[in-house]
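Beneath this line is the structure, given in structure tokens, with notes to follow.
The values are calculated or read from the model by the stated rules, or taken from the named source; none is laboratory data. Quantities reported herein were computed from a predicted structural model and do not represent experimental measurements. Virtual Cβ from ideal backbone geometry, glycine too; neighbours counted across all protein chains shown. The protein model used for the area step is the full one, side chains on, heavy atoms only, and it has no ligands, DNA or RNA in it. Shrake-Rupley method; radii C 1.70, N 1.55, O 1.52, S 1.80 Å.
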Amino acid sequence: MKKFIGIIAIGLITMLMSFTLSDFYSSMTKVDYVEGSKTLKFTTKLNSGHIAEVLKINPNTTAFEAEVKRYVNDHFDVYVNGQNKALTFTGSQVNGESVWVYFEANGVSDISSLKIKNNILLEAYPKQLNLVNIAYKGSQKNMTFMRGKEVNEVSF
């Protein structure tokens with residue numbers, strides 16, 4: 001019995017250590033439609049260490065926001081009803097281990113389909129997972145992006 005408990009204990013310790021040795025790579029984007037201004041508002045949460053490593057810049061410097069803006073513009077595209085929408089960067093905020101990035105797409109009167117290309121950090125981290133949650137006129141849709149699946153589309 002003691003031998004059995006010892007084997008289980010070693011197995012549990014090994015399993016717990018495997019969780020602490022691997023890093024979790026993810027981003028989360030929330031998309032909200034503001035009907036009054038006909039705007040899609042995007043809020044993206046990134047790991048500050050991961051994005052800083054990719055950008056090769058300290059997140060506590062003044063140049064960081066400009067680099068994040070450039071990076072997001074290069075790695076996130078939105079198509080509403082088949083038409084590419086320009087993204088306007090509205091700011092960012094470093095909060096400990098997280099970076100919050102804010103941007104929007106204007107002139108969105110009605111959405112029948114929403115296609116997003118999101119390859120943020122996918123080239124740097126093979127296990128990166130990017131989640132997007134969309135709220136549009138009472139409807140909720142979710143998208144998942146990973147290496148090999150950088151583009152998703154939903155219909156409303």
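Checked against (1) on the phi < 0 side of the Ramachandran plot; (2) part of a loop (DSSP other than H, G, I, E, B), Leu121 meets all criteria but (1). Once segment 49-79 is narrowed to residues that are closer than 18 Å to Gly96 by Cβ and part of a loop (DSSP other than H, G, I, E, B), the residue that is farthest from the chain's Cα centre (by Cα) is Thr61.
Looking at this structure, is Lys127 loosely packed, with under 14 Cβ neighbours inside 10 Å, under 18 Å from His50 (Cβ atoms) and out of contact with any helix residue (DSSP H, G or I) (no Cβ under 9 Å at 6 or more places or on another chain)? Yes, satisfied.
Contact annotation: residue pairs with Cβ atoms under 7 Å, 6 or more positions apart or on different chains, pairing a residue in segment 37-53 that is on the phi > 0 side of the Ramachandran plot with a partner that is in a loop (DSSP other than H, G, I, E, B), are Lys38/Gly107; Lys38/Val108; Lys38/Ser109.
The rows are residues; the columns are (1) within 20 Å of Arg70 (Cβ to Cβ); (2) not small (Gly, Ala, Ser).
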| position | (1), (2) |
| --- | --- |
| Leu87 | yes, yes |
| Gly91 | yes, no |
| Asn95 | no, yes |
| Tyr102 | yes, yes |
| Asp110 | no, yes |
| Tyr136 | no, yes |
| Glu150 | yes, yes |
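Consider segment 22-37 and keep the residues that are small (Gly, Ala, Ser) and surrounded by fewer than 14 Cβ atoms within 10 Å (Cβ to Cβ). The one that is farthest from Leu121 (Cα to Cα) is Gly36. Summed over segment 107-141, residues that are touching a residue at least 60 places away in the same chain (Cβ under 8 Å), of a type in the set (A, V, I, L, M, F, W, C) and under 24 Å from Phe24 (Cβ atoms) total 7.
Output the residues belonging to segment 80-118 that are among the hydroxyl-bearing types (Ser, Thr, Tyr), in contact with a Phe, Trp or Tyr (Cβ under 9 Å, 6 or more places away or on another chain) and not in a strand (DSSP E or B).
Ser112
When we screen Val99, Val68, Val80, Val151 for residues that are surrounded by 13 or more Cβ atoms within 10 Å (Cβ to Cβ), closer than 18 Å to Asp32 by Cα and not basic (Lys, Arg), the only hit is Val80.
Under 6 Å between Cβ atoms, which residue pairs at least 6 apart in sequence (or on different chains) link something in segment 94-106 that is over 9 Å from Asn47 (Cα atoms) with a partner that is open to solvent by less than 20 Å² (accessible area, probe 1.4 Å) and small (Gly, Ala, Ser)? Short answer, once both residue conditions are applied: Val94/Ser48; Tyr102/Gly91.
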